[in-house]
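First the structure, in the form of structure tokens, and then the observations on it.
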Amino acid sequence: MVHTDEVNQQLRRIGANFRFWNRPEVRELPKILFESEQLHNVVGGRYEGGFAMLCATDRRVLLIDKKPLYLTLEDMRYDMISDVQFSHRLLDATIRLGAVTKMLTFTGYNPTKLRDLTNFVQQQVMHSRQHQSWSPDAPALQAAGLDSTDEQLPGDPIPVQALLSENQPQALVNPYKMPVMIRRRVSRFY
């Protein structure tokens, strides 16, 4: 559990000022965040269950909806997110985060902050995908001065297949490792 003063300091640092709306969600944040987790973007708005707060941290995306008799939490890790959609209208903006099992739709009334949150989520998803695509045989190839994409040429003293042992565990396939898709609505009149 994170101390309340630390959460308030992080909220001031990112410019999130909730004086009246979303105060119950802000009071719930210290109970939800991990010890070393940092808030990067926080936006108030609504989703299909009512008014809530969407938070992007360095580890996950949180949707917090605190009402007098219930609490709703949605936790989406960055490696689970497979689809990020953003749409902007005159007065509000909507972000849709898709995973294999669920789709989270959130509408905020500050399009600039929601756009910043969308950009941050996209960066974190791409960062997590780059770490997942790391192969376990990369250090052995780099030690031999080869890249995993290099082909073996005739006369090379060290064949690439000899560097790869059959005893090494194979990399697990992540079912969430799908390309990030960004969809925009295109008018049929232009």
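The values are calculated or read from the model by the stated rules, or taken from the named source; none is laboratory data. Keep in mind that this is a model prediction, so the values were computed, not measured. In this analysis, Cβ positions are derived from the backbone assuming ideal geometry, glycine residues included, and neighbour counts consider all displayed protein chains. To get the accessible areas, we keep the full protein, side chains included, count just its heavy atoms, and leave off ligands, DNA and RNA. Shrake-Rupley method; radii C 1.70, N 1.55, O 1.52, S 1.80 Å.
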**Prompt:** Taking the stretch 1-16 as the region of interest, how many residues are farther than 24 Å from ARG96 by Cα and outside any helix (DSSP H, G or I)?
**Reply:** 3
**Prompt:** Any idea which of (1) surrounded by fewer than 16 Cβ atoms within 10 Å (Cβ to Cβ); (2) charged (D, E, K, R); (3) closer than 25 Å to VAL2 by Cβ; (4) more than 13 Å from the chain's Cα centre (by Cα) is the one LYS113 doesn't satisfy?
**Reply:** (1)
**Prompt:** Which residues, taken from the stretch 23-53, are within 18 Å of TYR70 (Cβ to Cβ) and open to solvent by less than 20 Å² (accessible area, probe 1.4 Å)?
**Reply:** GLU25, VAL26, LEU29, ALA52, MET53
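Yes/no matrix, rows are residues, columns are (1) touching a Pro at 6+ places or on another chain (Cβ under 6 Å); (2) closer than 23 Å to GLN123 by Cβ:
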{"site": "VAL61", "(1), (2)": "no, yes"}
{"site": "LYS66", "(1), (2)": "yes, no"}
{"site": "ILE81", "(1), (2)": "no, yes"}
{"site": "GLN85", "(1), (2)": "no, yes"}
{"site": "ARG89", "(1), (2)": "no, no"}
{"site": "ALA93", "(1), (2)": "yes, yes"}
{"site": "THR101", "(1), (2)": "no, no"}
{"site": "PHE106", "(1), (2)": "no, yes"}
**Request:** Only one of these is modelled with pLDDT under 90 and hydroxyl-bearing (Ser, Thr, Tyr): SER87, SER133, SER82. Name it.
**Result:** SER133
**Message:** Only one of ARG77, ARG13, ARG59 is among the charged types (D, E, K, R), over 14 Å from GLY108 (Cβ atoms), open to solvent by 20 Å² or more (accessible area, probe 1.4 Å) and touching a strand residue (DSSP E or B) at 6+ places or on another chain (Cβ under 6 Å). Can you tell me which?
**Reply:** ARG77
**Request:** Show the residue pairs that are 6+ apart or on different chains and have beta-carbon atoms under 6 Å apart, the first residue being within the stretch 33-49 and closer than 14 Å to GLY15 by Cα, the second being surrounded by 16 or more Cβ atoms within 10 Å (Cβ to Cβ) and charged (D, E, K, R).
**Result:** ASN41/ASP116; VAL43/LYS113
**Item:** Filter result for the condition that a residue is assigned to a loop (DSSP other than H, G, I, E, B), charged (D, E, K, R) and over 21 Å from ARG115 (Cα atoms), over GLU37, GLU28
**Value:** GLU37
**Prompt:** If you take the residues in the stretch 102-130 that are in contact with an Asp or Glu (Cβ under 7 Å, 6 or more places away or on another chain) and not in a helix (DSSP H, G or I), which one is modelled with the lowest pLDDT?
**Reply:** TYR109
